[in-house]
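The values are calculated or read from the model by the stated rules, or taken from the named source; none is laboratory data. Remember, predicted model here, so these are calculated numbers, not experimental data. Note: ideal-geometry Cβ built from the backbone for every residue, glycine included; neighbour counts use all protein chains shown. What goes into the accessible areas is simple: the full protein's heavy atoms, side chains included, and nothing from ligands, DNA or RNA. Shrake-Rupley method; radii C 1.70, N 1.55, O 1.52, S 1.80 Å.
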Amino acid sequence: MRYSFYKKLTFAFSIIGSMFLASCGSSSGGGDEDEFEFNASDLTNKYWYANPYLSSDYNRNDALIVYRFEGGGVLKKQEFSGRRDVVVGEWSLVDDKLIIEDESISADDRQEWFIQTKSTSSYLKLNSSTGTREFYTNIDEINDVTADAYLVCDLRIVNNSYVSSYKMEYVVYGNKLSQVKVLPDASTSYEMDDFTDFQGEKVYYLKEGDRSNYFDVFTGNQLVKFNLKFDNGESYKLDEQVYESEIEALDNFSNTVTHASGSGSVTINWKAINENNIYYYIEVLDKNKNEYQPKYRSTRQSANAGEEKVLEINNSTLSEFKALDELVVGEDYYVKISGFKYEDGIDPDNSSNKETNIQAVTRYIFKAGSW
């Protein structure tokens with residue numbers, strides 16, 4: 001692989017805990033390589049990726065770094081898991097010295113890096129008195145990778161009564177991945193299993209035995225980390241922020257399904273939760289409640305807070321996925337109702353990355369009868 005250089009990266013850092021360490025060196029910080037003139041236009045309006053991965057330890061701040069140097073000295077950093085860009089500070093270029101002031105690390109952290117002669121418009125080699133860092137404008141193996149962590153409010157039957165409980169859910173996409181682990185905190189790690197979703201894409205979810213870790217109180221503001229290993233042996237770490245916002249449970253008493261056995265038409269009624277900007281998907285599942293291979297998935301349904309909703313599913317209904325003809329007449333089938341809340345700052349209608357920036361999901365799966 002073109003980018004197998006990552007296994008050869010060396011970092012002469014004596015302090016672990018920041019992604020960049022400030023340099024107080026002079027032009028000698030450029031090392032043994034000759035200095036050269038690097039224009040600001042070679043840096044701007046593109047994404048630069050660096051992989052400082054050191055180990056799978058949660059406490060190491062060695063997640064993938066993605067910077068974007070924009071005009072006027074605006075510095076953006078991307079949370080790569082959901083492709084979210086955030087303004088984090090300023091940058092400037094003085095001769096061969098790149099100055100980065102990234103407030104997401106520290107308000108007082110001024111980094112001074114010397115650009116080396118091997119740098120090009122797609123490769124950036126930086127030296128300081130404390131180490132070396134390499135950035136690239138493209139890393140093929142991670143192009144299709146996304147990761148998300150979000151809160152789920154499940155309505156379910158426990159001891160013959162309906163209860164709602166919280167749990168965390170994690171999803172990672174990437175066709176070149178060979179192993180995925182999620183680290184919710186410094187003391188917890190789960191290995192994830194790979195599946196093929198209804199669109200034929202490779203996706204990682206928690207193993208079956210790890211999907212029922214319910215809890216009653218959501219504390220919010222949790223930094224989740226994903227350890228990724230690729231087919232070529234390279235390793236990366238991604239940071240994913242879970243925010244404070246919660247979501248309420250669906251009302252099971254407002255959900256009804258009308259379906260004549262053997263008919264290709266089914267009508268589903270449900271009540272939206274008492275919150276705006278929640279968007280719903282309706283899915284029809286087989287007798288095994290297989291959530292990863294639904295027999296039908298609706299298009300996204302908008303709703304006002306508390307609105308009574310109706311969706312009739314037939315051969316002419318628009319959908320994201322439809323294979324109702326695979327359901328066996330006379331066998332049980334299930335309906336899954338899911339309401340999605342997106343993270344703050346994500347436009348529910350216009351953000352291209354909204355489906356990888358979910359904050360919380362309210363969900364209810366129930367037996368709808370026999371098909």
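Descriptive notes on the structure:
- Equivalent-ellipsoid semi-axes for region 143-273 (Cα gyration tensor, √(5λ), whole Å, largest first): 32, 21, 13.
- Rel. contact order, % - alpha carbon contacts under 8 angstrom, at least six apart, the chain: 14 percent
- If a spin label sat at a point 7 angstrom from the Cα of residue 315 along the line to its beta carbon, the backbone N atoms of region 245-274 nearer than 15 Å would be those of 262-266.
- Residue 318 accessible area, assembled protein chains, probe 1.4 Å, Å²: 140 Å²
- Stretching residue 229 away from residue 248 to a fully extended chain increases their span by 3.3 nm, per 0.36 nm per residue minus the current alpha-carbon distance.
- The separation of region 267-282 from region 46-116, counted between C-alpha centres, amounts to 40 Å.
- Net charge dipole size for the chain [Lys, Arg +1 and Asp, Glu -1 on Cβ; Debye, nearest 20]: 860 debye
- Potential lengthening of the chain between residue 347 and residue 191 amounts to 53.0 nm, from the contour at 0.36 nm per residue minus the alpha-carbon distance.
- Annotation for region 246-311: chymotrypsin sites (Phe, Trp or Tyr not before Pro) lying in DSSP loop with at most 16 further Cβ atoms inside 10 Å of their Cβ are 292.
- The residues of region 253-370 have, on average, 46 Å² of accessible surface per residue, using a 1.4 Å probe with all protein chains present.
- Residues residue 258 and residue 332, FRET efficiency given R0 of 22 Å [Cβ-Cβ distance, rounded to 0.05]: 0.85
- Taking a ≥ b ≥ c as the square roots of the eigenvalues of the Cα gyration tensor, the chain is classed as prolate, since a/c reaches at least 1.5 and a/b is larger than b/c.
- Summary value for region 169-242: 33 percent relative contact order, contacts being C-alpha pairs under 8 angstrom separated by 6+ residues.
- Projected area averaged over orientations for region 73-119, convex hull of C-alpha atoms, nm²: 4.0 nm²
- Summarising the strand pairing of the chain, around 95 percent of its internal DSSP beta bridges are antiparallel.
- Residue 106/residue 277 FRET efficiency (R0 41 Å; Cβ-Cβ; nearest 0.05): 0.75
- Protein accessible area in the chain, 1.4 Å probe - carbon and sulfur %: 42 percent
- Value of relative contact order over region 40-136, rounded to a whole percent, pairs C-alpha under 8 Å and six or more apart: 19 percent
- Translational diffusion of region 253-370, µm² s⁻¹ [Kirkwood Rh, Cα pairs; Stokes-Einstein; 20 °C; 1.002 mPa s]: 144 µm²/s
- Cleavage-rule hits (GluC sites (Glu not before Pro)) in region 161-253: DSSP loop, at most 16 neighbouring Cβ within 10 angstrom: 201, 244, 246, 248
- A 1.4 Å probe run over region 95-246, with the rest of the protein chains in place, finds 44 Å² accessible per residue.
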